[in-house]
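Have a look at the structure below, then the notes.
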Amino acid sequence: MTIVPARIFSYLFLSVALVFPAFGAASPAPRISLFVDASETPRKIFHARMTIPAKPGRLTLYYPKWIPGEHGPTGPIQDLAGLKFTANGQALPWRRDLLDGWAFHVDVPVGAASVEASLDFISPAGREGIYTGGATATDRMGVLNWNDVLLYPEGWTSDELTYAVSVRLPAGWKFGTSLAVASQSGDEVKFAPVSLTMLVDAPVISGQYLKVVPLNPGQTPSVEMDIAADSAAALEAPADVWEHYKNLVTQAGVLFGTQHYRDYHFLFSLSDHVAHFGLEHHESNDSRLGERALVDAEKRLLGSGLLSHEYVHSWNGKYRRPIGLATPDYEKPMQTDLLWVYEGLTQYLGEILTARDGERTPEQFRDSLAYTAAQLDHRSGRAWRNLQDTADGVPSMQAAPPQWESWRRPLDYYEEDELNWLWADTIIRQQTHGQKSLDDFCRAFHGAPGGFPQVKPYTFEDVLSALNQVAPYDWRAFWTERLTNHGPGAPLGGIDGSGWKLVYDETRSEWVRSREGDRGLVDATDSVGLLLNADGSITDTIEGMPAAKAGLGPGMRMIAVNGRKFSSAVFRDALREGKNSSSPLELLVENTEYYNTFKLDYHGGEKYPHLVRDESKPDLLSDIIKPR
Ligand SMILES: [Zn+2]
C-alpha cells in the first residue's frame, strides 16, 4: 500500500534517485516483521525485535531521523539502547556511521537471508523532551510511536517497505490506534501489515484507564476519541465537553467538504508526567495535556485549540503538504520554508474552529486573539529576523529554551501567521463583496476527492494560484510583504479589517488570568516588557522596553519591589501605583549570586490586551467564528 499516489511519486522522488542506486526494480521490497514488547511501559522501556530480509555483504539500517510533523532531525537517537544484530543465531558486529549517528552498518555473513535486530527505546522520565522523543510513559498509560522502536534498511522509500507489527501491552491495558487490528490474544495485538509510512503515521495509545468517545455516531468515516489518563476521574468531563468535540468534527467537515481518512482517532493523553504537545497524523493525532485538562474549567480553556489544530492537520499538512516536507524516507532532510502555510494556516483554522464548535465563547476567542496579537506587537526579534526566516530556520532550532523568546522569535510562523491568515480572510471577503471567504479556499485547496490517505504536495505558486481562483488579488505582493517585513509591530490588518481594534487597559481578561494562574506566570510584557515566573525568576525581557533598558534580563530573579518581598500581587500593585507617583519602580534582583537594585522610570500602569469593536466597519470577525 502506498500513501503517495504514483503520479506524484514519479516527479517528487526524481531528485533522490541517486541516493538509492543499490536496488533495482527487480528486487522486491523487503517485508519486515516487528514485535514490540511494551509490557514494561511503566518502567519507561520498550523492547523491539525485528526480522529484516538481507543479502550477504554490508547492510545499512537507519533509525528514523526526520519525523513528519516535527520539522527537524529529532528522531530520539539518544534514547536507543540495547542494540544487537544476529543472523542464523550468530551475533554480528556493527558500527555507527561516522557522519550520521542515525545510521548503522552491519556485515551480513554468507548464507544469511535475514538479520534479526533488537533494540530498546528508553522514554525520558519527568516531562522531558518533545514530540516522539518526549516523555511518553507513566504508571498507568503510554503512547507508542513506531519511529522510536524500529530500524529500516537503506535503498527503499518508506512507501515501499512493508511492516508486519505486533505489540504486547501491560496486562489488562486497553488501547486505541488508527491501525487495523488483525488479531488479539490477551495482551498481544497483531496489526494488519502496512507500509512504513503508514506505520510511523499511526501511534498506539494504551492505558489502564482508557475512554472511547464516538464523535460522530453512526456516520462514515467514523471519528472517535481514545483518551488515556493517569486516573479514572480525569476522564469524567462535563457533557458539553464531548458536545464541543462532536461539533468540531461537524464544523471541520463543513469547512473542508470531505475527509482524507478512512476512520479518525483523537489519541488524547491526560497526564502530568508525559511531554505536552500535539503531533498530527493522517488518521489520528497524538495530543497530550495535563491530567485535569478536561475536568478543570481553567485548564480546559487553555487547552482548547490543541485538538482542533491537530485535526486540521489531517487536511493541511498531511494531505496537502509543502513539497519540501514530502520526503521519501526519514533520512532525507526536510525543507521547511512553507511552514507558514502548514502551521500558520492550521493555527488560524484551529483557533476559529474553537469558537465555531463552542470550546470558546466569542469573547474567549477574542481575548485569546488579542493576547496573540499583543505578544507579536512586542516581538523585539522582528527587527533582525523576518517571518520567513522563522520557518526556514526551525530544523536547526528545535532545542531553543524559553529564555529570550522575544528576541529569538523561534516559532512565530504559528501565531504571527494566524494574524496574517485572518488578514487574508478579510481581503477575500472584501474583494468578493462578502461572497467568498477563506472557507472557499480551504474547500478548493484541501477538499475533494477525499478518502484513502494521500499526499498532494504544493509549492508557493500553488498557494498563490489557489488564492487567486477564490479572489483575484496581488497575493504575491501580500505574502512577500508579510513574510519579509520587519514591522514595527504586529500585522494587525486582519483584526482592523474584520471590524475590531487591539487596545490595552488595566483589566486582565479571563484568558490572561487563566494563563497566568495555570502556568504560574506574571505577564508584564505589554507594560514594562517583562515575563516572570511566580517565584520572581525572569523568563524574558523585551529589548527596547523599560525592564530591558534598565538592565534586567532572563535568568535573573526579582527579590523585592519598592522594598517589599516580591510576589505577583506586590509587583502588580507597584505597577499600578507607579501611575500616580513620580518615583521610579525600585527592583532588588538576584543575578548569579549577586544582588543589584534596578530603577525603572515607568508610570504607564498595568497593560493587558483586548479587542474592542470598531463601529465604522462591518463585524467580519463575528461572522468568521460563527458556526456553519
Ligand atoms: Zn501544527
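The values are calculated or read from the model by the stated rules, or taken from the named source; none is laboratory data. What you see is a predicted model, and the numbers here were worked out from it, not measured in a lab. Using ideal geometry, Cβ is built from the backbone for each residue, glycine included, and neighbour counts are taken over all protein chains shown.
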*Can you name the condition, by its number, that P449 falls short on among (1) out of contact with any helix residue (DSSP H, G or I) (no Cβ under 8 Å at 6 or more places or on another chain); (2) over 26 Å from T327 (Cβ atoms)?*
(2)
_Residues that are surrounded by fewer than 23 Cβ atoms within 10 Å (Cβ to Cβ) and either assigned to a loop (DSSP other than H, G, I, E, B) or free of Cβ contacts under 8 Å to residues at least 12 places away in the same chain (or both), drawn from the stretch 537-548_ = E543, G544, M545
*Return the pairs, sorted by first residue and then second, in which the second residue is of a type in the set (F, W, Y) and surrounded by 16 or more Cβ atoms within 10 Å (Cβ to Cβ), the first residue lies in the stretch 43-64 and is part of a strand (DSSP E or B), the beta carbons are less than 6 Å apart, and the residues are 6+ apart or on different chains.*
F46/F121; R49/F35; L61/F104; Y62/W102; Y62/Y152
_Candidate set from the stretch 101-111 (those that are out of contact with any Asp or Glu (no Cβ under 8 Å at 6 or more places or on another chain) and surrounded by 10 or more Cβ atoms within 10 Å (Cβ to Cβ)); member that is nearest to N147 (Cα to Cα)_ = G101
_Suppose we filter the stretch 130-158 for residues that are in contact with a helix residue (DSSP H, G or I) (Cβ under 7 Å, 6 or more places away or on another chain) and either surrounded by fewer than 22 Cβ atoms within 10 Å (Cβ to Cβ) or basic (K, R) (or both); how many remain?_
1
*Of the residues that sit in the stretch 408-422 and are under 21 Å from L492 (Cβ atoms) and away from the ligand (no atom under 16 Å from the Cβ), which one is farthest from the chain's Cα centre (by Cα)?*
L422
*Having 2 or more residues that are surrounded by 14 or more Cβ atoms within 10 Å (Cβ to Cβ) and under 25 Å from the mean Cα position of the chain (by Cα) is the bar; report the strands (runs of 3 or more DSSP E) wholly within the stretch 423-527 that clear it.*
456-458, 521-524
*Quick check, is R300 of a type outside the set (G, A, S), surrounded by fewer than 23 Cβ atoms within 10 Å (Cβ to Cβ) and away from the ligand (no atom under 13 Å from the Cβ)?*
yes
*Within the stretch 460-476, can one find any residue that is touching a residue at least 40 places away in the same chain (Cβ under 8 Å), more than 24 Å from T74 (Cα to Cα) and touching a Pro at 6+ places or on another chain (Cβ under 8 Å)?*
no
*asked:* Checking P333 against (1) buried (at least 20 other Cβ atoms within 10 Å of the Cβ); (2) in a loop (DSSP other than H, G, I, E, B): exactly one of these is not met. Which one?
replied: (1)
*asked:* Can you confirm whether D272 is over 24 Å from D159 (Cβ atoms), acidic (D, E) and either out of contact with any strand residue (DSSP E or B) (no Cβ under 7 Å at 6 or more places or on another chain) or within 16 Å of the ligand (Cβ to nearest atom) (or both)?
replied: yes
*Scan Y342, Y261, Y319 and give me the residue that is at negative phi, more than 15 Å from the ligand (Cβ to nearest atom) and modelled with pLDDT of 95 or more.*
Y261
*Keeping to the stretch 80-100, report how many residues are surrounded by fewer than 16 Cβ atoms within 10 Å (Cβ to Cβ) and assigned to a loop (DSSP other than H, G, I, E, B).*
7
*Within the stretch 572-595, track down each residue that is surrounded by 13 or more Cβ atoms within 10 Å (Cβ to Cβ), of a type outside the set (A, V, I, L, M) and over 22 Å from E510 (Cα atoms).*
E577, G578, P584, E586, E590, N591
_Failed criterion for Y330 (all others in (1) over 15 Å from the mean Cα position of the chain (by Cα); (2) within 29 Å of P42 (Cα to Cα); (3) within 16 Å of the ligand (Cβ to nearest atom); (4) of a type in the set (F, W, Y) hold)_ = (3)
*Which numbered condition trips up G305, out of (1) within 16 Å of the ligand (Cβ to nearest atom); (2) closer than 22 Å to V249 by Cβ; (3) touching a strand residue (DSSP E or B) at 6+ places or on another chain (Cβ under 9 Å)?*
(3)
*May I ask you to list the residues in the stretch 348-386 that are within 16 Å of the ligand (Cβ to nearest atom) and surrounded by 24 or more Cβ atoms within 10 Å (Cβ to Cβ)?*
Y348, L349, G350, E351, I352, L353, T354
